[in-house]
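Asks: Got a structure for you, written out below as structure tokens; questions coming shortly.
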Protein chains: 6
Amino acid sequence: MRIDGRKNEQVRSTKITRNYTKYAEGSVLIEVGDTKVICTASIENKVPPFLKGLGEGWITAEYNMLPRATGNRKPRDISRLKLDGRTMEIQRLIGRSLRSVIDLKALGERTIWIDCDVIQADGGTRTASVTGAFVALIDAVNKLHKKKPFKVYPVRNFVSATSVGIVGDQKVIDLCYEEDSKAKVDMNVVGTDEGEFIEVQGTGEECPFKRSELNELLDLAEKGIKQMVQLQKDSLKMDALWIGTGESKK
Amino acid sequence: MRIDGRKNEQVRSTKITRNYTKYAEGSVLIEVGDTKVICTASIENKVPPFLKGLGEGWITAEYNMLPRATGNRKPRDISRLKLDGRTMEIQRLIGRSLRSVIDLKALGERTIWIDCDVIQADGGTRTASVTGAFVALIDAVNKLHKKKPFKVYPVRNFVSATSVGIVGDQKVIDLCYEEDSKAKVDMNVVGTDEGEFIEVQGTGEECPFKRSELNELLDLAEKGIKQMVQLQKDSLKMDALWIGTGESKK
Amino acid sequence: MRIDGRKNEQVRSTKITRNYTKYAEGSVLIEVGDTKVICTASIENKVPPFLKGLGEGWITAEYNMLPRATGNRKPRDISRLKLDGRTMEIQRLIGRSLRSVIDLKALGERTIWIDCDVIQADGGTRTASVTGAFVALIDAVNKLHKKKPFKVYPVRNFVSATSVGIVGDQKVIDLCYEEDSKAKVDMNVVGTDEGEFIEVQGTGEECPFKRSELNELLDLAEKGIKQMVQLQKDSLKMDALWIGTGESKK
Amino acid sequence: MRIDGRKNEQVRSTKITRNYTKYAEGSVLIEVGDTKVICTASIENKVPPFLKGLGEGWITAEYNMLPRATGNRKPRDISRLKLDGRTMEIQRLIGRSLRSVIDLKALGERTIWIDCDVIQADGGTRTASVTGAFVALIDAVNKLHKKKPFKVYPVRNFVSATSVGIVGDQKVIDLCYEEDSKAKVDMNVVGTDEGEFIEVQGTGEECPFKRSELNELLDLAEKGIKQMVQLQKDSLKMDALWIGTGESKK
Amino acid sequence: MRIDGRKNEQVRSTKITRNYTKYAEGSVLIEVGDTKVICTASIENKVPPFLKGLGEGWITAEYNMLPRATGNRKPRDISRLKLDGRTMEIQRLIGRSLRSVIDLKALGERTIWIDCDVIQADGGTRTASVTGAFVALIDAVNKLHKKKPFKVYPVRNFVSATSVGIVGDQKVIDLCYEEDSKAKVDMNVVGTDEGEFIEVQGTGEECPFKRSELNELLDLAEKGIKQMVQLQKDSLKMDALWIGTGESKK
Amino acid sequence: MRIDGRKNEQVRSTKITRNYTKYAEGSVLIEVGDTKVICTASIENKVPPFLKGLGEGWITAEYNMLPRATGNRKPRDISRLKLDGRTMEIQRLIGRSLRSVIDLKALGERTIWIDCDVIQADGGTRTASVTGAFVALIDAVNKLHKKKPFKVYPVRNFVSATSVGIVGDQKVIDLCYEEDSKAKVDMNVVGTDEGEFIEVQGTGEECPFKRSELNELLDLAEKGIKQMVQLQKDSLKMDALWIGTGESKK
């Protein structure tokens, strides 16, 4: 039995609220247990310098926690003039994950900025961010699509994420903070609606882990991602219909 | 008639939600029309270097907007390595306003960190921050008081704030963003439940203003602050009973 | 009787020296008692990005204190990589104050940089900066006007500033540092030669203040601003003749 | 056939030179094909604040590339005042990897600083850094051990790393830069001499990958790590004898 | 004949005003032609970390130019978050020059901060800074000496500086800005009242120079330093009497 | 007899390895005793803003030490967000020295970036950097020249550097770290193959020095520079033939 009474393969109660704030082209509040993240997608009609003139778009992500999203107040980055390494790692993960299912040529010369701001953190903020950000991204892309349809709809697959890990001698899914802080192995997995992986990041900081353990964890992760994709579908409903319809699908 | 149908002396619909997040000692969501701010109060058992050993406490505030709290995405401070001047001005205002009604000796050697994070901005974020932060502060102070009563309860007065301004030829209260951007005179006023002022900041960026106009604006502000204090009382209910009971009241 | 023997409504001995340094288009040393500030106005033939192509000019201000302008040496901003909040607040105040009487369309596509560097600080550095900067600004504007007359002279009014406050139970004007550090209420007021206000910034950090007190302080401030404007006129003499002659005057 | 004539499962020619510079407690030049990294281990007799008084040690890593380690000159971090995200990610990976096989209690209250400076980069700099840094770490630990033997020798396992990926339709090991820039899937794997994993980081930026592909890549990685561990053993010879002899081995 | 009518070996008219501002322990305005620098010396009763507990003092210097000290406005360091290289070079020169004649043991555990702020720059600001800072330093040291005499007076020699250079085919002393910008060889020399050198910094950026030219320039510099020392003596009068009287003189 | 058995006028064993890394247009490892510096020259086909459109090129230099190039680990600049003053001074010296023998007009609108990264430091890193960087510069210039010959070959002279100083009562050349840390006078001299000086930087931090001592040190430096130039010639061989052949030679 887990700390919060869940079974090992059970994800926490998850809720996706679309149109959470009024200005962003896509704006989602995702709640995974007590973890709450505001994910917005903002469209900018230009691309970073390294893409200028190539006719391609870009997706980039930023991640942050409110100072008191956690048990102890964490000073703001600006007060130390440095972005911390964990934050960088997470925002790079979010950006890469979303880009992997986007046809950047089809998107055209625009940038979609993803902002994931953690209001309350109870473990799994990076995977909740990926899952929520995908929904915000679809809302933003559809806003463009409804105004002037893309020749090729630029999103090829759903993207969801979940965490898995070894706590004590148990392999569990969707670790809450208390579990996470005791985990011997901690893995974040990002995948698609077709059961493929986008990111597999497993870490045994306390001690190494066996290939067989890795396999069991991946089994769990596949189940979790499936559930998360279903939640995205339930939330997006008709607005998900275009996903994967582009010819450029591989 | 104002843009949103309000009368000149009418504040927007305001809602205060206490215990909005689970970790902070005080945590409030304040909604003033479409302006939404999360205000938390965090207790730290030490004081800044300049107060060490003096037996006094400290209140300090930080303010920030989520990148897409506004119509255009605003880059995060950390990406420019600079806190912008407007943000600094606002967080200094919030800190000073709250300190002016606190008996720092009675508070004892601890710091209360106020964090105001704007989720959605539609004008008046600084005054909403002051009003919401006061409620979060009371919740944090009471958490201490209930565990081990203060000899002298450290909060002497309620603190609320509102904005007033001249839009076209009308003096109006609680300007929304659209009004604010057209205002010739813009004033933020912080006051107490006893009708006194803590901060009066009037600016005529576009053109100077007359003393008689200042007076009319102050009349309006007094009414608005009164309403905001009432909302704080309605929200805090019994938890407001200690305010002003300390002997140190001036 | 005040610390330095002045009456409550008496400003300190003030002196304005024009052409204080040789390169700047306008360069003024203003001495208000022991407070000494070098104010320069520099013309740059371009505008910030947000004004590009609009045919308007811009006025911006920077403020700084020499490290040993005060009793204790204050480390330079660059050694902490941060501009402090007080400095930001002051330079924003100076910029706003001057812009409020300038017809930016008439000025044309150029920026006037105001630099206020405090050589010696004895209270009232921000108000001295405003008063001195206005004179430097006129000298810079006239340098342009004499070379090639503006169609509409871009300065509509004189701008001066003074501080007022409550020290002990006395309302006093133009506080020196010792008074300022004991003041219960501290107010900075910027106004014009026509008796209008541009900025009213009153703060009761130690305790709130009544509307009647605010009124008495504003009475004092009006007198002080009047005297400061007179000093500006005496210093500028014939060079002040164009002020307020533009058609765009409101 | 690969670009440089290697077989898919063939790592590049690798050379480890110990005592490469004279001051550091451990100093290694590792060359993997044309990738060259100087790895040093420096002992400091104190620990970071969060470990003070706990009787434990710490291992931390920093990673950097000389500006012209690559085809195009890369500006130094200090010129942009920012550490880039890739660098952060890599140095966090190196630190975590080494800590996972260290008994920090046994190490005692000291920090070992690992510095990996890339002289020439041709793909695989992060995995070369891990492999080289481990050897430098052993040299530094042994310097302590020879002076005053640890009660429990603090290193439990060898740590090596390699990269694998999918280039075209081939699964290959130890990608050079040209392969890396064309890879659809890119994975970095850190493991031990006992065939266990410490870090598995697989990324499909261009497109998602199947579980079966992941498995084939992990098979390759296991072979590569085995070879790298053998190289470490050949280089360290007798100096590797203590590794894994501590009682705390798990 | 030089641009401003001087002879090659003639320094510009120089004036030293002591007690220029009221707070600093030493405060000097030095004017060398149109170059004007405020030099202050501030005493702090602690030493930097690397000297803690050694019973020695420290002298450190900072140098800055007001933004409009020059023909074109120079942005403040803080706006670029970087101290420029020229500024660093100069402040290190000033610090080293003064330390070379100070008995730091005799000074005791205190730091003297030298601040050189250039009000107006017309060439030779670094040498004017050294010459002026020395006088400010003596005033600060004497303030200590008069309160409680040093066992060994800590200043061993006068320190003055001047610039020399080759302009066209002429070797000249004390270059003004216009000469400096055309000079083929530029040298700054710091020396003592006994004709010894502390710093010799000669640069031929445009082209190399011969040893014979170096010798002629040093002849000129020796004359200039002699004159500057005399000016310091004339300014300090009786307050210079202790210089060089300590037993620690070498 | 010196610490390492050398005679006073004897430089340390010096070795120049060209083509040390594979990407840079010029890449040199210079070893002067135990001091080892990697010097690269990188060509960029644009110039800094202040030279745009003038048809001239630019040479700029950056210098850095690996954290453990020295006896104690030195934190990286980026961790303090500041470039230290010594580093700035050195990189400015390297840049100026090389520019003084370059015909920037002849070079054309391109920048050559010099990077000097110290692998191991045992005194004299700045002079080794100058000497090594010159060779890397020639290799980069020749790469251009061989592809498309310059009308006027842009390098007029060889540039080498050495250090001299007074240690105890001896004047010595090419000080190692131990000597340098005890030196009373320390001088760095940069010169040409024609016996002219480019930079003379003498410092008597501990105490002033006489003109006669300066002269003896310059005699030593001349000898050392001569030897260094010979080493450059031996290393460059035929690739040095173009140096000084341009018509623009002065």
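Asks: State the percentage of accessible surface on chain D attributable to carbon and sulfur atoms; use a 1.4 Å probe and exclude ligands, DNA and RNA.
Replies: The value for chain D is 50 percent carbon and sulfur by accessible area.
Asks: What is the magnitude of the charge dipole of the protein assembly as shown about its Cα centre, with +1 placed on the Cβ of each Lys and Arg, -1 on the Cβ of each Asp and Glu, and no other charges, expressed in debye to the nearest 20? Could the numbers behind the result be given before it?
Replies: Numbers: 240 positive and 216 negative charges, 1 e Å.
So the magnitude is around 0 debye.
Asks: Using a 1.4 Å probe and counting only protein heavy atoms, arrange D:Phe50, A:Phe134 so the residue with the most accessible area comes first. Before the final figure, lay out the partial values.
Replies: Values: D:Phe50 130, A:Phe134 0 Å².
From most accessible down to least: D:Phe50, A:Phe134.
Asks: Sorting A:Ser79, F:Ser97 by accessible area (1.4 Å probe), largest first, what list results?
Replies: Ranked list, largest accessible area first: A:Ser79, F:Ser97.
Asks: Run down the aspartates and glutamates and flag those whose C-alpha is under 14 Å from the C-alpha of C:Lys105, throwing out any fewer than 8 positions away in its chain.
Replies: B:Glu206, C:Glu56, C:Glu247
Asks: Semi-axes of the equivalent ellipsoid of segment D:109-250: what are they in whole Å, largest first, if each equals the square root of 5 times a C-alpha gyration tensor eigenvalue? Could the numbers behind the result be given before it?
Replies: On the way: eigenvalues 205, 51, 29 Å².
Three semi-axes, in Å: 32, 16, 12.
Asks: Please give the total accessible area that chains B and A bury against each other, computed with a 1.4 Å probe and expressed in Å² to the nearest 100.
Replies: Using a 1.4 Å probe, the pair buries roughly 2900 Å².
Asks: Averaged across orientations, what area in nm² does the convex hull of the alpha carbons in segment C:1-134 project?
Replies: 9.8
Asks: Nearest 10 degrees is fine. How inclined is helix E:125-147 to the longest principal axis of chain E, computing both from alpha carbons?
Replies: Helix E:125-147 sits roughly 20 degrees off the main axis of chain E.
Asks: Pick out, from E:Ile38, E:Met228, E:Leu107, the residue whose Cα sits farthest towards the positive end of the charge dipole of chain E, with +1 on the Cβ of Lys and Arg and -1 on the Cβ of Asp and Glu.
Replies: Checked the options; the winner is E:Leu107.
Asks: On a C-alpha basis, how far is the centre of segment A:97-139 from the centre of segment C:137-198 in Å? Whole number, if you could?
Replies: 50
Asks: Determine the relative contact order of segment A:1-56: mean sequence separation of Cα pairs under 8 Å and six or more apart, normalised by residue count, in whole percent.
Replies: Rounded, it is 22 percent for segment A:1-56.
Asks: For Cα pairs less than 8 Å apart in space and 6+ apart in sequence, what is the mean separation divided by the residue count of chain B, i.e. the relative contact order in percent?
Replies: 21
Asks: Oh, and also: Would you please give the residues with an amide H less than 5 Å from that of F:Glu62, counting only those at least 5 places away or on a separate chain, with H modeled from the backbone geometry?
Replies: Residues meeting the criterion, in which the H sits 1.01 Å from N, are F:Ile114, F:Asp115, F:Cys116.
Asks: In straight Cα distance, which aspartates and glutamates are under 13 Å from A:Lys82, not counting same-chain residues fewer than 8 positions off?
Replies: Within the straight-line limit of under 13 Å, A:Lys82 reaches these aspartates and glutamates: B:Asp77, D:Asp77, D:Asp84.
Asks: Please list, in chain and number order, the residues 5+ apart from C:Val185 or on another chain whose amide H is under 5 Å from its amide H, with Hs placed from the backbone.
Replies: C:Ile166
Asks: For segment D:151-250, which GluC sites (Glu not before Pro) pass both filters: DSSP loop (anything but H, G, I, E, B) and at most 16 other C-beta atoms within 10 Å?
Replies: D:Glu194, D:Glu205, D:Glu206, D:Glu247
Asks: May I have the convex hull volume per residue, in Å³, for the Cα set of segment C:52-107?
Replies: Numbers: hull volume 5.8 nm³, N = 56.
Looking at segment C:52-107, the number lands at 104 Å³ per residue.
Asks: Rounded to the nearest 10 degrees, what's the angle between the helix D:211-236 long axis and the longest principal axis of chain D, both from Cα atoms, 0 to 90?
Replies: It works out to around 50 degrees.
Asks: Sticking with this one: Can I get the semi-axes of the protein assembly as shown's equivalent ellipsoid? Compute them from the C-alpha gyration tensor as square roots of 5 times the eigenvalues, in angstrom, largest first. Walk me through the numbers before you get to the answer.
Replies: Numbers: eigenvalues 510, 509, 195 Å².
Over the Cα atoms of the protein assembly as shown, the semi-axes work out to 50, 50, 31 Å.
Asks: Let me ask something else about it. Calculate how large, on average over all directions, the projected area of the Cα convex hull of segment C:171-225 is; give the answer in nm² to one decimal.
Replies: The number I arrive at for segment C:171-225 is 3.7 nm².
Asks: How much accessible area per residue does chain E have, counting only protein heavy atoms and a probe of 1.4 Å, in square angstrom?
Replies: 39
Asks: Other chains near C:18-24: what is the mean number of their Cβ atoms within 10 Å of each residue's Cβ?
Replies: 5
Asks: By how many degrees, 0 to 90 and rounded to 10, does the Cα axis of helix A:85-99 deviate from the longest principal axis of chain A?
Replies: Around 50 degrees separate the two axes.
Asks: Write down the radius of gyration of chain C and its Dmax, each obtained from C-alpha positions, in Å.
Replies: Looking at chain C, its Cα Rg and Dmax stand at 17.9, 56 Å.
Asks: Pairs A:Lys182/B:Lys148; C:Lys7/C:Lys223; A:Lys223/B:Lys22; F:Lys146/F:Lys233; A:Lys182/D:Lys52: which exceed 24 Å Cα-Cα?
Replies: As for pairs spanning more than 24 Å Cα to Cα, those are A:Lys182/B:Lys148; A:Lys223/B:Lys22.
Asks: Quick one: dipole size for segment F:14-240, taken about the Cα centre, charges +1 on Lys/Arg Cβ and -1 on Asp/Glu Cβ, in debye to the nearest 20.
Replies: Value, rounded to 20: 1020 debye.
The values are calculated or read from the model by the stated rules, or taken from the named source; none is laboratory data. If you're wondering where the values come from, they're calculated on a predicted model, not measured in any experiment. For neighbour counting, all protein chains shown are included, and Cβ atoms are generated from backbone atoms with ideal geometry for every residue, glycine included. Areas reflect the complete protein model, heavy atoms only, side chains present, ligands, DNA and RNA absent. Shrake-Rupley method; radii C 1.70, N 1.55, O 1.52, S 1.80 Å.
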